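Written out below as C-alpha cells is the structure these notes cover.
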Amino acid sequence: MKLFFYKVCILSFLLLLSLIYESSAQTVSGRVIETGGKGVESATITVLNAADSTLVKYEASNKEGYFEITNLKNGVFTVKVSCIGYNGQLLNNIRFNGSSVKLTDVVLNKQSKELKEVAIESKHPVLERKVDRWIFNLNNTIAANGSSLFEALQVAPFLKVSDNGVSMAGKGSMGVMVNEKIVYLSGTDLTNYLKTLRSEGVEKIEIITNPPAKYDAQGDAGLINIVLKKNESLGWRGSLSSTYRQGFYASYNNNLALFFRSKKINSSFTFGQSRYHNMQNNWLNMIGNSSQILSNEQRISITPGLQAGLSIDYELDRHNNIGFIYNISLSKENNAFVNSYSYGKSNTVDSVLNTNGEMYRPLFAQTLNVYHDLKIDSAGKKLSSSVNFFSNRPEIRNNFVSESESTYAAVRNNNSSKYNIWSVQSDLTLPYKWAKIETGIKFANFDNNADVEYYNYVHENFLLDKTRSNEFNYTEKNLASYFSMSSELSKRWTAKAGLRYEYTMTDGYSPTLDQRNKRNYGALFPTAYIVYKADANNVLSLNYSRRINRPGLSSLNPFAYYTNIYTYFIGNPLLLPSYSNNFELNYLYKSMVSFTVFTQHASDVNSLLTTIDGPLVVSSGGNFISRDNVGAYVSINRAFFKWWENSSSASFFYSSSKSKIKAISIQNGTSASFSFNNNFKATKQLNFYLNYSQSLPSTSGNTYTYSVRDFRVGARLKLLKDNLIINPSGFLGTVNKYDVRFNEFVRTERTDYYYKNFGLGITYLFGRSKVSGNNKDISFDEKRRAQ
C-alpha cells in the first residue's frame, strides 16, 4: 500500500509537470522609457476593458522600465501607462485572440511643471472576498500610518493579536506567512518579529479561514498571509526599536532589522534581545462529593532571550532564484514557585502540603531552509522546491521540596527532549486561460528523544528513582500529495476545489518499559470553494474543508511530570489524531460589513482526564470527546470621518459534545465575544487608538470559561521626518477562570497574570524607506508540534 501510494504521487506529479508546455496564458509585455531612451521605474501599467473601462489587471515597471502582465483572457482592452512626474499614455484597442502581445516602447514625456503635492486615493476597498481567502487592504486604514505590523494586525477582521501570538475568533492559534511562506516562530518570538515589519511596507493581509489543499491539513484554525509591497527601491534600510513595559515587574525587548536589496540579491537580518519579568498567581480547587483539594501557587519568572535571523535570496537569472533562511533562538527561563495544597472533606482540612522550588527551562532552537524557485515561462508557471531542517532542545530542570506534618521530600525532576525535524517539498503552479492548477508533494520526518529523570534526596545525595524515570524515543514520517484547480466560471461565479492525501507512520518506543507502539494511517482532505458576486456591493461565498489535529510530541511520552510529590501529568502514547469537517457561508456587503455562519464537527478530540485517589492527583490526555459547533461572526470596518476609523466584530456559537466515558461530565452551551477597535488621526504625525474586547461566559464539552475582557489605549507620534516613532501604550486585562467538570468532582482554576501594564516603545528608521529585503520563509508546519 505504501509503495503504491509513493508511485502514484510521483507519477501524478511528473504527469502534471509534462503539461507545462502544452499551453500558455496570454500576456502583454513591453518597456516604458523617457524621451532619451532611459527606462522609467515604477510606472503603473493598467489593463482596462475597452467596453466599460473596468479594471482587469495592473502592474508596475521594474528598474529598467520593463513590465509583464500575465493571465489575460481573449478580448479588446485599453492599456493605460502613467507615472508621477510624467504625462501618461493611453493605448486603445489592444486585442487578445489566443496569443500574447508585445508592445513597442511606450515613451513618457516629463511634465513641464514639477508637482508640488500629489494626493493618491487607493481604489481598493478595505475588505475583499477572493475564492479561498479574505483580503484586508491595510493601506486604506489609519493603522497603516507609522505603526508596526503587530499593531496594525489588531484592526484586521477575524483576528485576535496578543503577546502570545495570533489567533482566530472562535478558533485556536493561526499560522503566519510572509509572501505565501510560513514564518515558524511562536509566542514572544513571533510578536517581536512582527514588530520589525513596518505597516507601510505591507500591500495587503490575506486571511485564510479554511486553508486550501496546498497547505498542510494540520490544525483547525487558519492562516494569515502578509503580502509585502513589490518593486521596492534598491539599497539598504533598517530599523532599531526598543520597548519598555512596566507591570508588576519591568520587562523590555530590543530589536534590530537590516534589509538590503540589489539587482540580484535580496536579504534581511534581524536580531532581538529581551528580558521578561512576570508574576502570576494560580488557584486550583478540586471539589467533589466526599473530598476536596484546595491549592494556591505564586510563580515568578525571569526569561532572558536572544533571537537572530538571516535570509538571502539570489537571482541566478530571470528564471531561477535560490536562497536560504536561518533562524536561531535561545532563552533561559528561571521560575521560583511556592504552592500549598489542602486536603480534606467538606469544610474540614485533614492535611496541608507545602511545596517550594525552582524551575530552570533553557531552550535552544534553530531552523534552516534552503529553496529554489523556477519561473518556467512568462505566463506564471512556477516550480518551487525546498529542504527544511528544524532542531529544538527544550529542557526542564525542576527542583522542589514538599513537606507536611508527616511528610518531607526533596525532589529533582529533569525533563529533556531532542527534536530533529526535516522535510522536503515541491510545489508546481500552472496558470492556464481556463483554470489555475496547483499540485505538489511533501515528505516530513520527525525524531524525538525524550528523557525523564526523577531523583529523591536521600542521605545528602540525589538518588535516581527508576520507577519514576523513563526514556522515550519517537519517530514519525508524513508523506503528502495534493492537487487543486480554480477557475472563473463567469463574471459572477468563481470556484476552486482541491484534494490532499497525507499518509503517516509513527513508532514510539520506551526502553524503560520495553513498550513499543506503532501506527500507520492515511486520510484524504478535500477542500471546496465557490464565490458568487451579485454586484459590486454584494458577494456570497461557501467553502468546506476537512482538517486533522495530530497530538503534540510531548503529550505522547508515557511518563510523568511532577508539580509536587502527589500531583503529576502523564503522557499517553496511544493518543490518536482528531479530525474535523468545517463549513463556512460568508456574505460581504459594500466591502465593509462581513457576516459568516460556520459549522464544525470534530471527532476524537484530545481532552484532559483528571483522577483523584486520596491526595494523589493524576492528569492525562485521551480521545474522549466528539464535538459539534455552529456559530456566526460579523465584522464592520468603517471610517466615520477622515480622522476616525472603527473596526468592530462580534461572534456567537453553540457547542454540543458527547463523551465516550462517564468520568467526563458533558454540558452543551454557548459562547459569545465582541470587540471595538478605534483609530483616531489627530494630525499627520499623531494618531491615537482605543480598543476594547470581551469574551462572555462559555461552555464547550466539559469546560466552562468565565468572562474575560481587556482594554488597550495608546498613541503613535512621528518625528524627524517620520523616522522617529514614539508609541506609549496601556493595557488592562482580567483574571482568567474556568471550570472543568468531571463526574466525581469539579476542577476550578483561576489565574491572575497581572495584566495591568504601561508600555513605551521607540523606533528609529534609517536608510532608504522603500527597501523590503528578503522576508521569504518556507512552509514548515511540522515545527509547531515540537514547540
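The values are calculated or read from the model by the stated rules, or taken from the named source; none is laboratory data. Since the structure is predicted, the reported quantities are computational estimates derived from the model, not experimental observations. Positions of Cβ are generated from backbone atoms using ideal geometry, with glycine treated the same way; all protein chains shown enter the neighbour counts.
For segment 45-61, the set of residues classified as free of Cβ contacts under 8 Å to residues at least 40 places away in the same chain and surrounded by fewer than 13 Cβ atoms within 10 Å (Cβ to Cβ) consists of Ala51, Asp52, Ser53, Thr54, listed by residue number. Could you tell me how many of the residues in segment 391-440 are within 33 Å of the chain's Cα centre (by Cα) and not in a strand (DSSP E or B)? So the count comes out to 6.
Please work out if Thr748 is closer than 23 Å to Ser291 by Cα and either touching a helix residue (DSSP H, G or I) at 6+ places or on another chain (Cβ under 8 Å) or assigned to a strand (DSSP E or B) (or both).
Working: closer than 23 Å to Ser291 by Cα: yes; either touching a helix residue (DSSP H, G or I) at 6+ places or on another chain (Cβ under 8 Å) or assigned to a strand (DSSP E or B) (or both): yes.
Considered against the rule, which asks whether it is closer than 23 Å to Ser291 by Cα and either touching a helix residue (DSSP H, G or I) at 6+ places or on another chain (Cβ under 8 Å) or assigned to a strand (DSSP E or B) (or both), Thr748 comes out as yes.
Considering only segment 514-565, state which residues are in a strand (DSSP E or B) and under 30 Å from Tyr408 (Cα atoms). Selection gives Ala560, Tyr561, Tyr562, Thr563, Asn564. When residues in segment 628-649 are screened for being surrounded by fewer than 20 Cβ atoms within 10 Å (Cβ to Cβ) and in a strand (DSSP E or B), 13 of them pass. The C-beta contact set for segment 439-465 (first residue in the same structural domain as Thr475 (by TED's automatic domain parsing) and over 14 Å from Asn414 (Cα atoms), second residue polar (S, T, N, Q) and in a loop (DSSP other than H, G, I, E, B), distance under 9 angstrom, 6+ apart or interchain) comprises Lys442/Ser779; Asn448/Asn557.
Of everything listed in (1) assigned to a strand (DSSP E or B); (2) over 31 Å from the mean Cα position of the chain (by Cα), the single unmet condition for Asn388 is (2). Selection of segment 650-667 for residues being surrounded by 20 or more Cβ atoms within 10 Å (Cβ to Cβ) and closer than 20 Å to Phe583 by Cα yields Ser651, Phe653, Ser655, Ser657.
Taking the listed residues Tyr474, Tyr529, Tyr509, the one that is out of contact with any Lys or Arg (no Cβ under 9 Å at 6 or more places or on another chain) and aromatic (Phe, Trp, Tyr) is Tyr474, with no other qualifying.
Consider segment 609-627 and keep the residues that are of a type in the set (A, V, I, L, M, F, W, C) and surrounded by fewer than 17 Cβ atoms within 10 Å (Cβ to Cβ). The one that is nearest to Gln154 (Cα to Cα) is Val618.
For segment 371-384, the criterion of a residue being farther than 30 Å from Gln26 by Cβ and assigned to a strand (DSSP E or B) is satisfied by no position. The number of residues in segment 488-521 that are modelled with pLDDT of 95 or more and either of a type in the set (Gly, Ala, Ser) or touching a Cys at 6+ places or on another chain (Cβ under 6 Å) (or both) comes to 3. Scan segment 314-345 residue by residue and report those that are of a type in the set (A, V, I, L, M) and surrounded by fewer than 17 Cβ atoms within 10 Å (Cβ to Cβ). If the condition is that a residue be of a type in the set (A, V, I, L, M) and surrounded by fewer than 17 Cβ atoms within 10 Å (Cβ to Cβ), then Leu316, Ile322, Ile328, Leu330, Ala336, Val338 are the ones that fit.
Note on segment 249-269: residues that are over 20 Å from Lys332 (Cα atoms) and surrounded by 16 or more Cβ atoms within 10 Å (Cβ to Cβ) total 10. Consider segment 477-512. How many of its residues are assigned to a strand (DSSP E or B), without any contact (Cβ under 8 Å) to a residue 40 or more places away in the chain and of a type in the set (Gly, Ala, Ser)? The total comes to 1.
Here Leu609, Leu690, Leu686 are screened, and the one residue that is within 25 Å of the chain's Cα centre (by Cα) and at negative phi is Leu690.
Can you list the strands (runs of 3 or more DSSP E) lying wholly within segment 19-80 that have 3 or more residues being at pLDDT below 75, in the same structural domain as Trp434 (by TED's automatic domain parsing) and not β-branched (Val, Ile, Thr)?
Values: elements: 26-33, 44-49, 55-60, 66-72.
Those strands (runs of 3 or more DSSP E) do not exist here; none qualify.
Take Lys737 and tell me if it is in the same structural domain as Lys658 (by TED's automatic domain parsing), assigned to a loop (DSSP other than H, G, I, E, B) and among the basic types (Lys, Arg). No: the conditions fail for Lys737. For Ser311, the criteria (1) assigned by TED's automatic domain parsing to the domain that holds Ser404; (2) touching a residue at least 60 places away in the same chain (Cβ under 8 Å); (3) surrounded by 15 or more Cβ atoms within 10 Å (Cβ to Cβ) hold in every case but one, which is (1).
Looking across Phe731, Phe711, one residue alone is among the aromatic types (Phe, Trp, Tyr), at pLDDT 90 or above, in a strand (DSSP E or B) and surrounded by fewer than 17 Cβ atoms within 10 Å (Cβ to Cβ). It is Phe711.
Evaluated against (1) closer than 30 Å to Lys436 by Cβ; (2) not assigned by TED's automatic domain parsing to the domain that holds Lys756, Ser267 falls short on exactly one condition, (1).
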